[in-house]
1. Mind counting the residues in segment 1-55 that are of a type in the set (G, A, S) and surrounded by fewer than 16 Cβ atoms within 10 Å (Cβ to Cβ)?
2. Can you work out which of the residues in segment 81-100 that are assigned to a helix (DSSP H, G or I) and open to solvent by less than 10 Å² (accessible area, probe 1.4 Å) is nearest to L146 (Cα to Cα)?
3. Across segment 183-212, which residue is most open to solvent (accessible area, probe 1.4 Å) among those that are hydroxyl-bearing (S, T, Y) and farther than 29 Å from M95 by Cβ?
4. Among the residues of segment 20-78, how many are outside any loop (DSSP other than H, G, I, E, B), touching a residue at least 40 places away in the same chain (Cβ under 8 Å), within 22 Å of E124 (Cβ to Cβ) and among the hydrophobic types (A, V, I, L, M, F, W, C)?
5. From the list G113, G120, G144, G158, exactly one residue is touching a Gly at 6+ places or on another chain (Cβ under 8 Å) and not β-branched (V, I, T). Which is it?
6. Inside segment 126-162, can you point out the residues that are assigned to a loop (DSSP other than H, G, I, E, B) and within 13 Å of the chain's Cα centre (by Cα)?
7. From S165, S180, S122, which residue is at pLDDT 95 or above, surrounded by fewer than 24 Cβ atoms within 10 Å (Cβ to Cβ), of a type in the set (S, T, N, Q) and not in a loop (DSSP other than H, G, I, E, B)?
Amino acid sequence: MIERSLRVDLVVTSGKFVLDGDELDVDDNIWIIGDDEDVIVVDAAHETEPIIEKVGSRRATSIVCTHGHNDHINVALELASALGAPVGLHPDDRMLWDEVYPERAPDFALKEGEDVEVAGVSLEVIHTPGHTPGGVCLYDARGGSLFGGDTLFQGGPGATGRKFSDFDTIIASISRRLFSLPPATIVYPGHGDKTTIGDEAPHLAEWIARGY
């Protein structure tokens, strides 16, 4: 059997993150994963046009939302309509989804241990609550890649200063679920630059001591 490697394309869009009555300007990473024929889109932030352009003539089989914050889902339905692809979200973030889309549910549920398939490769859904209750990562074990949403960044965990977030919970998610992955695993985050599990794991005690 021939092993296949996923092609990973990046689109960065800019807009507003709105929560708890505050608005912040943010740049979001949208990861388009697959091959020259089929892709999945990880997160749907701010603008559809650059995402659609990057997908190009390929078939989008699903749109995976790593969590329910508005800046990761705010063009999800528009993008789903344009690409003809269903939208997935972990059920524990449904209350955040409903703040943006009160009249329309996601198309499918992302569940711990299940796989999202694309281009002959299975990506495991890893439930990593803390930034939000329903935060997830997608893990490509064969390719050594983790699409981590806002769970783990270069330099620390995702923020936990907002409603539905909890610092101890995200630390548990990272230490138990992500830092058990091979050190060479590349982390593709929801914002900012890529990193690796091996680069971040030695700093866990520092993050706990500082509290963020």
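The values are calculated or read from the model by the stated rules, or taken from the named source; none is laboratory data. Predicted model, so just to flag it, every value in this text is computed and none were measured. With ideal geometry, Cβ positions are generated from the backbone for all residues, glycine too; neighbour counts draw on all protein chains shown. Note: areas computed on protein heavy atoms with side chains; ligands, DNA, RNA excluded. Shrake-Rupley method; radii C 1.70, N 1.55, O 1.52, S 1.80 Å.
1. Going through segment 1-55, the residues of a type in the set (G, A, S) turn out to be 5, 14-15, 21, 34, 44-45.
Those still in the list that are surrounded by fewer than 16 Cβ atoms within 10 Å (Cβ to Cβ) too: 5, 14, 21.
Final tally of qualifying residues: 3.
2. The first filter runs over segment 81-100 and keeps only residues assigned to a helix (DSSP H, G or I), leaving 81-83, 91-100.
Cutting the leftovers down to open to solvent by less than 10 Å² (accessible area, probe 1.4 Å) gives us 93, 96-97.
Working: D93: 20, L96: 23, W97: 23 Å.
It comes out as D93.
3. First pass over segment 183-212, keeping only residues hydroxyl-bearing (S, T, Y): 185, 188, 195-196, 212.
So of that shortlist, the ones also farther than 29 Å from M95 by Cβ come out as 185, 195-196.
Values: T185: 2, T195: 10, T196: 34 Å².
So the residue we want is T196.
4. Going through segment 20-78 one residue at a time, the tally reaches 7.
5. Numbers: G113 fails: touching a Gly at 6+ places or on another chain (Cβ under 8 Å); G120 fails: touching a Gly at 6+ places or on another chain (Cβ under 8 Å); G144 fails: touching a Gly at 6+ places or on another chain (Cβ under 8 Å).
G158 is the lone residue from the list that is touching a Gly at 6+ places or on another chain (Cβ under 8 Å) and not β-branched (V, I, T).
6. Let us first name the residues in segment 126-162 that are assigned to a loop (DSSP other than H, G, I, E, B), namely 128-135, 141-144, 150-151, 154-155, 158-162.
Scanning segment 126-162 gives T128, P129, H131, T132, G134, G135, D150, T151, G158.
7. Details: S165 fails: not in a loop (DSSP other than H, G, I, E, B); S180 fails: not in a loop (DSSP other than H, G, I, E, B).
Residue meeting the stated conditions: S122.
Per-residue answers, yes or no, for (1) out of contact with any Leu (no Cβ under 6 Å at 6 or more places or on another chain); (2) in contact (Cβ under 8 Å) with a residue 60 or more places away in the chain; (3) of a type in the set (V, I, T):
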{"site": "D92", "(1), (2), (3)": "yes, no, no"}
{"site": "M95", "(1), (2), (3)": "yes, yes, no"}
{"site": "V100", "(1), (2), (3)": "yes, no, yes"}
{"site": "E103", "(1), (2), (3)": "yes, no, no"}
{"site": "K111", "(1), (2), (3)": "yes, no, no"}
{"site": "E117", "(1), (2), (3)": "yes, no, no"}
{"site": "T128", "(1), (2), (3)": "yes, no, yes"}
{"site": "P133", "(1), (2), (3)": "yes, no, no"}
{"site": "A141", "(1), (2), (3)": "yes, no, no"}
